[in-house]
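To start, the structure itself, in C-alpha cells.
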Amino acid sequence: MEKKDRDHKFLSALKAVYSSVSSLPKASNPLEARKICTQHIRKAFELTDIQIKGSEYLPYEKNTIFIYNHLSNHTYYTEDEGFQITLDSHFISSMILDKYYKNSGVRVVRHSLPEEDNHRNYYDRLQYIRVYAKNFVPDEIDPTKIKSVNKEFYPKAIKHLSEESGLVFSPEGKSHPTGDSPGIFRHGIFKLASKMDPQPLIVPLVMANFDQLASKVTFKCEIKPPFRMKDMGITDKKNPALPKAVAKLNRQYKKWVNDLLKEEKGFESEILTLEQRIKNKESLENLVVFYGSSTIRLWNSLEKDFPNLNTLNLGFGGAFIGSLSQQFDRLFTFKSPQTIILYLGGNDLSLDWTAQRIVADIKNLISKIHQKFPNTSLINISIKPSLERAQQLDKITQINQLMKEHAEHTPFLKQIDFFELLVHQIKKEPPYLLQDGLHLNHLGYSLLKNALKNHL
C-alpha cells in the first residue's frame, strides 16, 4: 500500500467508525454501540503499523483504572465540522481492553460544545462519563453547574469499576504532541483511587506517535507495571503527600514517553542490561544459561527454582530467532557453559513463515551454538500453546514435532515437550497464563520448572 494511500484509507476507516456509531438510534444500547465502535476501530488499525509492549503487566482484575498520556490527532484525520476520532483512547479501548478483557471499558469524555453536532451525536450513543473540560465550556454555562456536573464523575466512575468495567482516563485534561507529552497531571483520578476501599489497580499506558500520520510512524503503546496508591504511601485522598506523589509519576511518565520515542531497533537497551548482568555475575563457572525471548526473560524466579545451579537469564523480549543469533556472540563471551536452555520460534510465528522455515532457523542457531561450545549440553523447550496464538496451534505442533525428530538424532540436544504439558491446562482454573493469554504466570513457570528438573 502506498504511503499516501494508507493515510487516505485510514481516514476513510475512521469516517466509517463515526458513521457506524452516529447512525444508530438515539435509544440504542450503549454497550452495543461500543461493540460496534470497537469492531470498526480494529479494522481501521489493521491499516497501520502498531506496537504494543508490556502485555505481561496486564492484571487479571477487570475493575482497573488505565491512565494514559493523551496525544493530539494529526489534522489530516479530521472529519466534517472539525470532528476527530481520538486515536489514542480508541486504540486503548479496542486494541487492549476489548482484546484482553472482552470489554472495551468506559472512557471519560468532555461535554460537547453547542456547535459540535458530530461530537455530540457520536458520544451520546457511547454514553461514556461526561465532564466539562477547561477549554471547552460554553460561555453561558453557570460555573456552579460545571462544578456540580464534574463532581458526578466520582460516583459514576466508582459505579463502573464496581461493575468490573475498566476505566480509561487521561490525567492531563487536554492533549499534546508526543514530544511535549504528557502535560501536567491533575489529581482527580488519583484522589478517586486513594479513597476507594479496596484501592483499584492503576495501569499506566505510555502512548507515542498517535499525533503523526500513519504512513510515517508506528503507533506505539507500552504497558507499565500496575500499582495502587498505597504503593506510593497514599491511603487517603486528603493525604498532603498526594500532590508530590502525582508530580513524581508525572515526571516518570515524561521519561517513559522519551524512552519510547528513542527506542532503537535491535534490542540495544536490553542487550546492554544483559551485558551488565553478566559482569555482575559472581561466578561464570558451570553456568546453566537460559536464552530466548519473553518466556525466558520473564522467568524471574530462576535462582529460587534451581537453587543448586548457577543460572544466568539472558532472555530479551520480542526476540526472533534471527535476533537471538545476531546477539549470540556479543553475549556469550564467557567460557563454555554447562548447559544452555533455549526457547525459540514463538515470535517468528508473526512473520507468516512456514513451519519448515522456522525449524531451519532454529537448527541453524543450535548448530552455531554447538560450534562455539561443543561440550555444552543444549535443551530446547518446545513452543508453548497460548490463547493469543490459538489460530496457529497447527503450525506450532508441526514445528515442535520436527524439532522432536531432530533432537532424537542429535546427541548434544534434548527437546522438552512443554506444549503437551501445558495444552491440557491452558483453559483450566487456576490459569497458567497471564491476562494477555500469551505469557506464563507463576503456575506456568512451575510446570516448566518441573519439566526441566530431571534434565538438569
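The values are calculated or read from the model by the stated rules, or taken from the named source; none is laboratory data. Note that the coordinates shown come from a computational prediction; the quantities given were computed from them, not determined experimentally. Cβ atoms come from the backbone with ideal geometry, glycine included; neighbour counts cover every protein chain shown.
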**Request:** Kindly check whether there is at least one residue in the range 343-362 that is within 13 Å of PHE412 (Cα to Cα) and not small (Gly, Ala, Ser).
**Result:** no
**Complete:** Counting only strands (runs of 3 or more DSSP E) entirely within the range 153-225, those with at least 2 residues that are touching a Pro at 6+ places or on another chain (Cβ under 7 Å) and of a type in the set (A, V, I, L, M, F, W, C) are 202-208
**Prompt:** Taking the range 214-234 as the region of interest, how many residues are within 18 Å of the chain's Cα centre (by Cα) and closer than 22 Å to GLN435 by Cα?
**Reply:** 8
**Item:** GLY188 being farther than 25 Å from PHE227 by Cα and in contact (Cβ under 8 Å) with a residue 12 or more places away in the chain
**Value:** no
**Request:** Could you look through the range 142-160, keep only residues that are within 14 Å of VAL106 (Cα to Cα) and not charged (D, E, K, R), and pick out the one that is surrounded by the most Cβ atoms within 10 Å (Cβ to Cβ)?
**Result:** ALA157
**Asked** Looking at (1) without any contact (Cβ under 8 Å) to a residue 40 or more places away in the chain; (2) of a type in the set (A, V, I, L, M, F, W, C); (3) touching a Cys at 6+ places or on another chain (Cβ under 6 Å), which is the only condition MET229 fails?
**Response** (3)
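Only one of LYS254, LYS262 is surrounded by fewer than 13 Cβ atoms within 10 Å (Cβ to Cβ) and either modelled with pLDDT of 95 or more or among the basic types (Lys, Arg) (or both). Can you tell me which?
Details: LYS254 fails: surrounded by fewer than 13 Cβ atoms within 10 Å (Cβ to Cβ).
Result: LYS262 is the single residue among LYS254, LYS262 that is surrounded by fewer than 13 Cβ atoms within 10 Å (Cβ to Cβ) and either modelled with pLDDT of 95 or more or among the basic types (Lys, Arg) (or both).
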**Complete:** Condition set among the aromatic types (Phe, Trp, Tyr) and within 21 Å of the chain's Cα centre (by Cα), scope the range 166-213, selection surrounded by the most Cβ atoms within 10 Å (Cβ to Cβ): answer is PHE210
**Message:** Looking for something in contact (Cβ under 8 Å) with a residue 24 or more places away in the chain and part of a helix (DSSP H, G or I) - is there at least one such residue anywhere in the range 337-348?
**Reply:** yes
**Any chance LYS238 is outside the structural domain of LEU378 (by TED's automatic domain parsing) and either at pLDDT below 95 or among the small types (Gly, Ala, Ser) (or both)** = yes
**Residues of the range 270-328 that turn out to be in a loop (DSSP other than H, G, I, E, B) and within 19 Å of ASN380 (Cβ to Cβ), as a count** = 10
